[in-house]
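Trainee: Can you read through this structure? Questions will come right after.
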Amino acid sequence: DITLYSSATKLNEVVVIGYGTKLKGELTGAVSKVNSKVFETRPLTNTLNALQGSLPGVTVTRGSGRPGSENYSLQIRGASSVSGSKVLVLIDGIPGDLNLINPNDIADLTVLKDAAASIYGARAADGVVIVTTKKGRKGPPSILYSGNYGWKKPQFLKKRTNTLQLAEMYDEGMRKINQPGVSQEVFDKIKANAEPDPTGWLKYLENFPGFYQSHDWIDDVYGIGAQQMHNLSISGGGDNNSYLFSAGYQRNEGVFKYGENHSDRYNLRMNYDFKVSDKINIETRTSFESQPTVEPTAVGSVLYFVNQMGSYVPVYNPSGQLYKYQGGFRNPIQYLLEGGANTTNAYRLSTNIKGDVQVFSDLKLVGQLGVNVDFDDRKTTNPTFPQHNWDGTNFDVVNVPNSAVFSNSKNIYQNYTAYLDYNKTISGRHKINVMAGASREVNDYNDQTITGYNFASNEIFTLNLADKTKTEYANFTGSASDWALQSYFGRLS
């Protein structure tokens with residue numbers, strides 16, 4: 001016999017909603033929630049990794065495997081328009097970036113869907129994600145460390161034909177159109193891994209060396225990347241205050257065997273709460289995030305070059321130089337090693353102060369001030385380098401003249417919010433909640449980009465070494481924009 005008993009425990013769970021909290025049993029809108037266990041029990045390199053498959057109606061996709069440029073896409077119940085969708089993300093009540101926050105700092109995450117998100121106005125048309133970070137707890141200092149280390153290997157790579165398979169297919173195709181195919185001598189040399197001949201055995205490539213050995217360019221270029229994450233937190237508190245300090249480091253390496261390709265992330269956070277009096281509470285949130293990323297300048301082109309190269313083309317010529325086979329082929333390893341680097345660094349400093357005053361037993365006044373300062377620096381170098389023939393002579397020279405692009409941007413966002421929250425319980429059975437408030441948001445943005453040409457050296461790319469003698473080398477752009485939003489909101493339940 002099986003007996004079923006009702007369980008209402010989860011209905012008493014507190015859920016963060018727009019400008020306040022509610023018990024889950026009192027909610028009528030579509031709301032989903034996950035707690036810190038989702039983020040602490042997985043070897044994550046990004047907060048959005050944890051949301052994949054964790055919340056109903058929430059779709060997380062990754063557009064790239066490039067460290068630091070994964071291009072995550074977050075959708076709540078699909079795209080809302082032909083131009084896509086943009087979910088509003090709030091971290092402790094202030095707009096933030098899920099790509100930069102340390103997953104270990106998250107206490108819980110709530111997703112507001114449909115009408116449940118309407119308190120935030122037009123920007124909530126695609127849904128709202130509300131992140132609440134961890135707080136300190138009353139007691140002596142508690143120290144917690146967590147870390148993980150892992151390896152990754154690319155999957156679903158193309159299976160390439162070897163040189164013998166290429167010769168067999170080429171021979172079959174040519175004979176079907178009554179053209180000379182591949183001689184038995186060539187087949188014998190391929191099977192014997194013979195040394196190259198001065199002339200080629202493929203039609204139209206007779207003026208290039210003939211190669212008989214075989215290797216897989218995918219195995220030559222791709223390898224195994226490592227990833228690691230370390231977190232340290234110290235928390236505690238007394239009767240009238242609590243604190244949490246956390247530091248995190250994450251490194252995500254690419255899977256290319258050559259060139260510098262990795263992304264690092266540094267996180268610092270200080271959450272401090274204290275009571276001014278029995279009726280006044282203050283919460284402070286300060287965080288700093290930095291994410292430097294380095295990748296080869298030609299990383300996008302290399303993905304094409306590696307699939308273009310035939311298995312018979314060697315990596316190096318007899319002189320030990322990276323080999324350039326012919327006009328339409330480029331050596332992907334050379335572009336990884338000598339094609340320059342794209343270096344970026346994103347910084348964010350956020351501070352957030354929230355205070356509430358218990359005006360009366362049922363009425364509370366809440367005020368919040370938040371400021372986000374974002375800096376982004378980028379440097380892309382395009383050094384000059386020669387490509388070599390089989391005999392060691394230069395086939396051509398790439399990136400003439402050499403160049404470098406320097407760009408930076410700054411964004412300052414300010415948020416001022418205040419609201420009154422009235423909660424009344426009548427006869428122990430009926431609850432009335434009235435909330436009304438206003439907010440003002442101000443955002444200032446500017447950026448500039450400068451390109452320098454014909455640098456004196458391929459080793460040091462600084463603008464003072466760029467060529468300033470030609471007007472066509474003067475290349476600089478920039479932009480500036482700002483916006484402000486005044487909002488009024490309210491809720492009755």
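Trainee: In whole Å, largest first, what are the principal axis extents of the Cα atoms in the range 86-202?
Mentor: 82, 43, 21
Trainee: Quick one: which of 85-91, 189-195 comes out on top by average Cβ neighbours within 10 Å, and what's the full order, highest first?
Mentor: The peptides rank, most packed first, as 85-91, 189-195.
Trainee: Rounded if a/c is under 1.5, else prolate if a/b beats b/c, else oblate: with a ≥ b ≥ c from the C-alpha gyration tensor eigenvalues square-rooted, which is the range 49-104?
Mentor: rounded
Trainee: What does the net charge come to around residue 290 if you take all other residues with beta carbon closer than 10 Å to its beta carbon, with K and R at +1 and D and E at -1?
Mentor: Result for the neighbourhood of residue 290: 0.
Trainee: Kindly state, to the nearest 0.05, the FRET efficiency for residue 215 paired with residue 477, given R0 = 45 Å and r defined as their beta-carbon distance.
Mentor: Once rounded, the FRET efficiency stands at 0.55.
Trainee: Here is a follow-up. By average Cβ neighbour count within 10 Å, what is the ranking of 55-62, 379-386, 102-109 from highest down?
Mentor: Put in order of decreasing packing, that is 102-109, 379-386, 55-62.
Trainee: How much of the accessible area of the range 394-493, probe 1.4 Å, is carbon plus sulfur, in whole percent?
Mentor: 55
Trainee: Extension gain residue 33-residue 423, at 0.36 nm per residue separation less the Cα-Cα distance, in nm?
Mentor: Taking residue 33 through residue 423 to full extension adds about 138.0 nm, to one decimal.
Trainee: Now, a different point. Divide by every residue of the chain the summed helix terms, -39500 (n - 2.57) for each DSSP H run of at least 4, and state the resulting mean residue ellipticity at 222 nm, rounded to the nearest 500 deg cm²/dmol.
Mentor: -3000 deg cm²/dmol
Trainee: Which whole-number percent is the relative contact order of the range 44-149 (Cα, under 8 Å, 6+ apart)?
Mentor: 24
Trainee: Only Cα pairs under 8 Å and at least 6 apart count here; give the relative contact order of the chain as a rounded whole percent.
Mentor: For the chain, the relative contact order is 9 percent.
Trainee: So if I place +1 on the C-beta of Lys and Arg and -1 on the C-beta of Asp and Glu, and nothing else carries charge, what would the dipole magnitude of the range 368-493 be about its Cα centre? I want it in debye, nearest 20.
Mentor: Once rounded to the nearest 20, the dipole reads 1040 debye.
Trainee: Need the list of aspartates and glutamates near residue 191 for cross-linking: C-alpha distance under 14 angstrom, and skip anything on the same chain fewer than eight residues off.
Mentor: 168
Trainee: Please list the equivalent ellipsoid semi-axes of the range 286-414, computed as the square roots of five times the alpha-carbon gyration tensor eigenvalues, in descending order and whole angstrom.
Mentor: Over the Cα atoms of the range 286-414, the ellipsoid semi-axes are 54, 15, 9 Å.
Trainee: Further question on the same structure: Mind giving me the nanometre distance, one decimal, between the label points for residue 493 and residue 251, set 7 Å out from Cα along Cα→Cβ?
Mentor: 4.7
Trainee: At a Cα cut-off below 23 Å, give the lysines reachable from residue 153, other chains included and same-chain residues fewer than 8 away excluded.
Mentor: Reachable lysines: 257.
Trainee: Net charge around residue 399, counting only other residues with Cβ within less than 13 Å of its Cβ (Lys, Arg = +1; Asp, Glu = -1)?
Mentor: -1
Trainee: Also: In Å and on Cα atoms, what radius of gyration and Dmax does the range 443-490 show?
Mentor: When restricted to Cα atoms, the range 443-490 yields Rg and Dmax of 19.0, 63 Å.
Trainee: Using the Cα atoms of the range 171-254, I'd like the radius of gyration and the largest Cα-Cα distance, Dmax, both in angstrom.
Mentor: 30.3, 93
Trainee: Let me ask something else about it. Go through 92, 264 and list them by solvent-accessible area, largest first, probe radius 1.4 Å.
Mentor: Output order, biggest surface exposure first: 92, 264.
Trainee: Computed from the mean reciprocal separation of all distinct C-alpha pairs, what Kirkwood hydrodynamic radius does the chain have, in Å?
Mentor: Kirkwood radius, the chain: 27.4 Å.
Trainee: From the phi of every residue in the range 108-115, what ³J(HN,Hα) in whole Hz does the Karplus formula 6.51 cos²θ - 1.76 cosθ + 1.60 yield, where θ is phi - 60° and glycine or proline is x?
Mentor: 7, 9, 10, 10, 9, 10, 6, 5
Trainee: Positive end of the dipole of the range 59-178, charges at C-beta (+1 Lys, Arg; -1 Asp, Glu), about the Cα centre: which of 60, 173, 85 has its Cα farthest in that direction?
Mentor: So the residue we want is 173.
Trainee: So, one more: Using only C-alpha positions, report the orientation-averaged shadow area of the convex hull of the range 277-335, nm², one decimal.
Mentor: 8.0
Trainee: Please sort 359-366, 390-397 by packing, taking for each peptide the average over its residues of neighbouring beta carbons within 10 angstrom, highest first.
Mentor: The most tightly packed comes first, giving 359-366, 390-397.
Trainee: Evaluate the charge dipole of the chain about its Cα centre and quote only its size in Debye, nearest 20, assuming +1 on the Cβ of each Lys and Arg and -1 on the Cβ of each Asp and Glu.
Mentor: Charge dipole of the chain: 1800 debye, to the nearest 20.
Trainee: Another question about this same structure. Expressed as cubic angstrom per residue, what is the convex hull volume of the alpha carbon set of the range 17-130?
Mentor: Measuring per residue, one finds 109 Å³ for the Cα hull of the range 17-130.
Trainee: Right, another one. By how many nm would the segment from residue 408 to residue 192 grow when fully extended, if each residue of separation counts as 0.36 nm and the alpha-carbon distance is taken off?
Mentor: Going from the current span to full extension adds 72.2 nm.
Trainee: If you don't mind, there's one more thing I want to ask. Please name whichever of 29, 266, 225 sits farthest to the positive end of the charge dipole of the chain, dipole taken about the Cα centre and charges placed at Cβ: Lys and Arg +1, Asp and Glu -1.
Mentor: 29
Trainee: Now for a separate question. Could you list, bin by bin from short to long, the percent of Cα-Cα pairs of the range 355-493 in 10 Å steps?
Mentor: 10, 21, 17, 14, 11, 10, 9, 5, 2, 0
Trainee: Pairs of alpha-carbon atoms within less than 8 angstrom and 6+ residues apart define the contacts here; what relative contact order does the range 38-90 have, in percent?
Mentor: Reported relative contact order: 23 percent.
Trainee: Can you work out the Karplus-derived ³J(HN,Hα) for every residue in the range 451-458? Use 6.51 cos²θ - 1.76 cosθ + 1.60 with θ = phi - 60°, whole Hz, and x for glycine or proline.
Mentor: Calculated HN-Hα couplings, in order: 10, x, 10, 6, 5, 5, 8, 8 Hz.
Trainee: Where in the range 365-396 does the amide nitrogen come within less than 18 Å of the point 7 Å from the Cα of residue 450, taken along Cα to Cβ?
Mentor: Hits in the range 365-396 for residue 450 at 18 Å: 376-382.
Trainee: If you don't mind, there's one more thing I want to ask. For the chain, which span is the longest to avoid every loop-located (per DSSP) member of GluC sites (Glu not before Pro) having at most 16 other Cβ atoms inside 10 Å?
Mentor: 261-458
Trainee: Same structure again: Roughly what would the spin-label model give for residue 204 and residue 440, points 7 Å off Cα along C-beta, in nm?
Mentor: 6.8
Trainee: Work out how far the C-alpha atoms of the range 211-359 reach from end to end along every principal axis, then list the three figures in whole Å, largest first.
Mentor: Taking max minus min along each principal axis of the Cα atoms, the range 211-359 gives 85, 23, 22 Å.
The values are calculated or read from the model by the stated rules, or taken from the named source; none is laboratory data. What you are looking at is a predicted structure, and each value in this text was computed from that prediction instead of being measured. Methodologically, a virtual Cβ is constructed for each residue, glycine included, from the backbone with ideal geometry; neighbour enumeration extends over all protein chains shown. Surface areas here come from the heavy atoms of the whole protein model, side chains and all, with no ligands, DNA or RNA. Shrake-Rupley method; radii C 1.70, N 1.55, O 1.52, S 1.80 Å.
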